[in-house]
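Trainee: Provided herewith is a single structure, encoded as structure tokens, for subsequent inquiry.
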Amino acid sequence: MIKEKGILFVLSGPSGVGKGTVRKALFERATDLQYSISMTTRNKRVGESEAVDYFYRSREEFEQMIQDNQLLEYAEYVGNYYGTPRKYVTETLESGKDVFLEIEVQGALQVKKNFPEGVFIFLSPPNLEELKNRIVNRGTESEDLVTNRLNAAKQEIAMMDAYDYVVVNDQINKAVDKVQAIVKSEHCKRERVASLYKKVLEVEEK
Ligand code: 5GP
């Protein structure tokens, strides 16, 4: 039987934008997405549990995973390692289910190299919008403040380049709605639908 492979969705964005909050709110809703639990060397926080929030490992264990090429991507963030176990992602996609990653930006760029067919969603801070409005309306703020914000905003916009979609995190529920809309749209993409039909009908793809 010909089976459609799952789609890999990657949610990322600048630090402090609320990726974790949006991801948690998304998985509180009914969804067919499978969350890939990351591995980390950071300590467990109150209320977190092993194999739910993260797989908590020592630096030695983590470095062994890197050596054995068992991580799809990894990054060092504020003195700790974070990474995505490769096996879960590839096996789940092969089984036809969509996988969802919520990771920081360096890791997302690595995934993009290995999985260019993934769908990359950039969660953007609402202040980018505010900044645009302020500049457009020529507000009363000091020039230094505007320049600082502009520089920060330019860096954030440059980061967006590698992504397919931008979701502004102004309200959590609205951001989750948009992520779900992206998931639906990706399943309706002509390339994906047509390639499956062609396989089913055994028509050669050009
Ligand atoms: P926290 O320590 O607050 O749970 O997460 C810190 C940062 O690590 C967040 O930006 C989160 O998105 C990111 N992160 C979580 N898991 C992974 C992962 O597997 N790989 C990468 N590259 N970043 C991750």
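The values are calculated or read from the model by the stated rules, or taken from the named source; none is laboratory data. Note that the coordinates shown come from a computational prediction; the quantities given were computed from them, not determined experimentally. FYI the Cβ positions are ideal-geometry reconstructions off the backbone, even for glycines, and counts take in every protein chain you see. Heads up: the accessible areas ignore ligands, DNA and RNA and are worked out on the full protein's heavy atoms, side chains in. Shrake-Rupley method; radii C 1.70, N 1.55, O 1.52, S 1.80 Å.
Trainee: Tell me, what % of the accessible area of the chain is carbon and sulfur with a 1.4 angstrom probe?
Mentor: About 50 percent, which is the carbon plus sulfur part of the accessible surface.
Trainee: Can you sort E4, E60 by solvent-accessible area, 1.4 Å probe, largest first?
Mentor: The most accessible residue leads, giving E60, E4.
Trainee: Report the charge-dipole magnitude of the chain in Debye, nearest 20, computed about the Cα centre from +1 at each Lys and Arg Cβ and -1 at each Asp and Glu Cβ.
Mentor: For this selection, approximately 400 debye.
Trainee: Just flag the trypsin sites (Lys or Arg not before Pro) in region 34-133 sitting in loop per DSSP whose Cβ has no more than 12 other Cβ atoms within 10 Å.
Mentor: The qualifying sites are K44, R45.
Trainee: Taking amide H atoms as placed 1.01 Å from N in the peptide plane, list the residues 5 or more away in sequence, or in a different chain, whose amide H sits under 5 Å from that of L123.
Mentor: For L123, whose amide H was placed from the backbone, the distant partners under 5 Å are S12, G13, V167.
Trainee: Okay, moving on. Could you list which residues have their amide H under 5 Å from that of D98, counting only those 5 or more apart in sequence or on another chain, with H placed in the peptide plane?
Mentor: Answer set, sorted by chain and number: I7, Q34.
Trainee: Students often check this: by mean Cβ neighbours within 10 Å, which of 7-19, 24-36, 143-155, 174-186 ranks highest, and how do the rest follow?
Mentor: Top to bottom by mean Cβ count within 10 Å: 7-19, 174-186, 24-36, 143-155.
Trainee: Now a separate question. Name the residues whose placed amide hydrogens come within less than 5 Å of the amide hydrogen of S38, ignoring near sequence neighbours (fewer than 5 apart) on the same chain.
Mentor: Correct list: F55.
Trainee: Through the Karplus equation 6.51 cos²θ - 1.76 cosθ + 1.60, θ set to phi - 60°, convert the phi angles of region 77-82 into ³J(HN,Hα) values in whole Hz; use x for Gly and Pro.
Mentor: Taking θ as phi minus 60°, the curve returns 9, 6, x, 10, 7, 9 Hz for region 77-82.
Trainee: If you don't mind, another one. What number do you get for region 1-97 when its Cα radius of gyration is normalised by 2.2 N^0.38 Å, N = residues?
Mentor: Computed over Cα atoms of region 1-97, the ratio equals 1.16.
Trainee: Label the chain by shape, choosing from rounded, prolate and oblate, from the square roots a ≥ b ≥ c of the eigenvalues of the Cα gyration tensor; if a/c is under 1.5 it is rounded, and otherwise prolate applies when a/b is larger than b/c, oblate when it is not.
Mentor: Oblate is the answer for the chain, as a/c is 1.5 or above yet b/c matches or exceeds a/b.
Trainee: What length, rounded to one decimal in nm, is gained on full extension from K44 through to A158, with 0.36 nm per residue of separation minus their alpha-carbon distance?
Mentor: Additional length available on full extension: 37.8 nm.
Trainee: Taking 30 Å as R0, compute the FRET efficiency from the Cβ-Cβ separation of N151 and E76 and round it to 0.05.
Mentor: Computed FRET efficiency for N151 and E76 comes out at 0.75.
Trainee: Separate question: Determine which aspartates and glutamates satisfy two conditions relative to K24: a Cα distance under 15 Å, and not lying fewer than 8 residues away in the same chain.
Mentor: D32, E48, D53, E102, D177
Trainee: Taking a 22 Å limit on the Cα-Cα distance, which of the listed pairs K97/K174; K97/K199; K87/K198; K3/K97; K5/K199; K3/K87 fall beyond it?
Mentor: Distance filter (> 22 Å) returns K97/K174; K87/K198.
Trainee: Something else now. Give a residue-ordered list of calculated ³J(HN,Hα) values for region 183-193 (Karplus: 6.51 cos²θ - 1.76 cosθ + 1.60, θ = phi - 60°; whole Hz; x for Gly, Pro).
Mentor: Karplus values, whole Hz, x for Gly and Pro: 4, 4, 4, 4, 6, 9, 4, 4, 4, 5, 5.
Trainee: I've got another one for you. Rounded to whole Hz and in sequence order, give me ³J(HN,Hα) for region 8-20 from the Karplus expression 6.51 cos²θ - 1.76 cosθ + 1.60, θ = phi - 60°, writing x for Gly and Pro.
Mentor: Using θ = phi - 60°, the values come out as 8, 9, 10, 9, 9, x, x, 5, x, 7, x, 4, x Hz.
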